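Step one of this worksheet: look at the structure below.
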Amino acid sequence: MIQSKGEILFNQEVAPSCWKMQLLAPEIANQAQPGQFVHLRCTENYSPLLRRPFSLHRASERKIEILYQIIGQGTRLLAEKVQGETVDLLGPLGRAFQVKGQPEIIVLVAGGVGIAPLYFLAETLLKKPPLNSKLILFYGVKSKENLLGYGDLKKLRINLEIATEDGSLGFEGEILQLFQSRLLSFLSQSLQVFACGPLGMLKNIASLSLKYNFPAQVSLEKTMGCGIGVCRGCVIKGSQGYLRVCKEGPVFPVEDIDWAAIS
Amino acid sequence: MLLDLTTHLGRISLKNPVLVASGTFGYGEEYAELIDLNQLGGIITKSVTLKPREGSFPPRLTETPAGMLNAIGLENPGVELFLKEKLPFLSQFDTKIIVNIAGEKEDEFCQVAEKLSKAKTIDALEVNLSCPNLRRGGYILGKDPEVVFSLIQTLKRVTDLPLLAKLTAAVSEPTEIARAAEEAGAEALSLINTLPGMAINIQTRRPRLGNITGGLSGPAIRPIAVRVVWEVARAVRIPILGMGGIMKGDDALEFILAGASAVAVGTANFVDPTTPGQTIKQIENYLKKNKIRRFRELIGKVET
């Protein structure tokens, strides 16, 4: 865990209301694992007051990248920042995705901006030879213009399954439908699933995981205070009591969560 | 010029006037990875209760203009586990350890205080008489001067540790409660706790907190806190530990000029963990600039 000032190397809109920021942060980049996040200050003043957590989208030798959607005041201010400015960073934080052993198939399921940590996971898995697993990414967005980093994804040695709600590219419908339609064909082999996206999608993956008995890990989000486990503001109901999203998460094995209590 | 930053909260001698506030620093472990805890005047722990507490139903935190609302519900591992697993870590540092205690009944406070008194490395107890998220406990207790008097007096019988009474500002006359705590033998007063507040999501028409209401902290409450410190400082003789939205040295100095002998940084720890250290430096700079050698000369020096 490091606090540092990261210099912005670029900050640009990559899809409607979606931005990508690259920062020079050698120490954080060095330690970053897929699924972890950085907690950053969007402004030097107190409006908004609290830091904002973002999944690490990429980390190379000295640089990190985040993908963010403009939702509120914090992300709006972030989008106004330009190359050369610095951002106060805290990271890398939280628990990362963990591939256990060598499953025959690794499936990543991304909804919208949920692609951010899963791209990092795919890239990391492919860099670490030998990966004997078949890697499949299911990626769903509203329309093809909302696809993030599609060019980069096509370059990765993975099987890419795209769904758009308007049918402008790939399967027409939600990514979960597409995933579900393929799921049975995966089950004859050992399978691990990693997902990030809207809560409804993650809930469904959790129930599929229970029904068909395959391990799954999901990345959750919640309003955070400190981001490092101190304030206990970001808890969710777990199967054994409250869990801090910033510390025990943001990546959780689905069985650790009390899904009925989460809305 | 060699500066003298030392100050006192009654029998508690501090090497400098900047502490960290209860509930914003856990038990020190996490922030020790980011900052040097030895630089702090003192650490006030998250509330410790007799039995472990699971805390409030989420959501527990929401951001508000220049502040935040929380309803954590005193989630803590309980006094036994605190003594076994948390206190040894804190005790390694050259800083004062003040343990915040909370409970729903007088007897609970007393049992916690008794157990903590046996530890050798605790410098004082801060009695939480003002948690807005404990319906049956501190908050209601802390609004009644007679109850405050009785609780502090009873605690004095079971512990020799100096007692700081952490009081609420959400009453019409904070000075009455402050005087009650003083008469009962409190060493010092911690002012102020978070103020009760509420926020509603107008789309879902649901409160933003699972607990419905919560405690407001951050710069939004600072002018209220400064005013209460100033009023209480004129009403009592015991020292005051001032807190409420301190983000930097200038803010701390307001509290000190209003009459606080020391200050605690709270919510700002979440925003920037280097705030306590920077606040100390900024106070030093102010002293140098104004050619004041002893920090203590500043206490209560507001000119009205």
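The values are calculated or read from the model by the stated rules, or taken from the named source; none is laboratory data. Here the structure is a predicted model, which means the values were calculated and not measured. So basically every Cβ, Gly included, is an ideal-geometry build from the backbone, and we count neighbours across all protein chains shown. Side chains included, ligands, DNA and RNA excluded: accessible areas come from the protein's heavy atoms. Shrake-Rupley method; radii C 1.70, N 1.55, O 1.52, S 1.80 Å.
Among the conditions (1) open to solvent by 10 Å² or more (accessible area, probe 1.4 Å); (2) more than 26 Å from residue B:255 (Cα to Cα); (3) not acidic (Asp, Glu), residue B:39 misses just one, which is (2).
The single residue among A:129, A:117 that is open to solvent by less than 10 Å² (accessible area, probe 1.4 Å) and either closer than 30 Å to residue B:272 by Cβ or assigned to a loop (DSSP other than H, G, I, E, B) (or both) turns out to be A:117.
For residue A:191, state whether it is in contact (Cβ under 8 Å) with a residue 40 or more places away in the chain, over 19 Å from the mean Cα position of the chain (by Cα) and surrounded by 20 or more Cβ atoms within 10 Å (Cβ to Cβ). Judged against the criteria, residue A:191 is a match. Please verify whether segment B:6-29 includes one or more residues that are more than 9 Å from chain A (Cβ to nearest Cβ), among the basic types (Lys, Arg) and touching a strand residue (DSSP E or B) at 6+ places or on another chain (Cβ under 7 Å). For segment B:6-29, residues more than 9 Å from chain A (Cβ to nearest Cβ), among the basic types (Lys, Arg) and touching a strand residue (DSSP E or B) at 6+ places or on another chain (Cβ under 7 Å): absent. Can residue B:263 be described as of a type in the set (Val, Ile, Thr), under 29 Å from residue B:36 (Cβ atoms) and crowded, with 24+ Cβ neighbours inside 10 Å? For residue B:263, the condition - of a type in the set (Val, Ile, Thr), under 29 Å from residue B:36 (Cβ atoms) and crowded, with 24+ Cβ neighbours inside 10 Å - is met. Scan segment B:158-171 for residues that are modelled with pLDDT under 95 and either over 14 Å from residue B:229 (Cα atoms) or assigned to a strand (DSSP E or B) (or both) and the total you get is 0. Residues in segment A:2-14 that are more than 12 Å from every other protein chain (Cβ to nearest Cβ), open to solvent by 10 Å² or more (accessible area, probe 1.4 Å) and not charged (D, E, K, R): 5 in all. Among the residues making up segment A:22-41, those that are of a type outside the set (A, V, I, L, M) and open to solvent by less than 10 Å² (accessible area, probe 1.4 Å) are A:35, A:37, A:39.
List every residue pair whose Cβ atoms sit under 6 Å apart, with the two residues 6 or more apart in sequence or on different chains, where the first one lies in segment B:141-164 and is over 16 Å from residue B:128 (Cβ atoms) and of a type outside the set (Gly, Ala, Ser) and the second, anywhere, is open to solvent by 30 Å² or more (accessible area, probe 1.4 Å) and modelled with pLDDT of 95 or more. Sorted first by the residue in segment B:141-164, then by its partner, the pairs are B:145/B:176; B:158/B:114. Across segment B:43-92, the qualifying residues are those that are within 10 Å of chain A (Cβ to nearest Cβ), part of a strand (DSSP E or B) and not aliphatic (A, V, I, L, M), and the one among them that is surrounded by the most Cβ atoms within 10 Å (Cβ to Cβ) is B:70. Note on segment B:174-282: enclosed helices (runs of 4 or more DSSP H) holding 1 or more residues that are within 12 Å of another protein chain (Cβ to nearest Cβ) are B:222-235, B:249-258, B:268-271. Scan segment B:27-38 and report the pairs whose first residue is closer than 20 Å to residue B:121 by Cα and whose second residue is open to solvent by 20 Å² or more (accessible area, probe 1.4 Å) and part of a helix (DSSP H, G or I), with Cβ atoms within less than 9 Å and a gap of 6+ or a chain change. So the pair list comes out as B:27/B:85; B:27/B:86; B:27/B:89; B:28/B:86; B:28/B:89; B:29/B:86; B:29/B:89; B:32/B:89.
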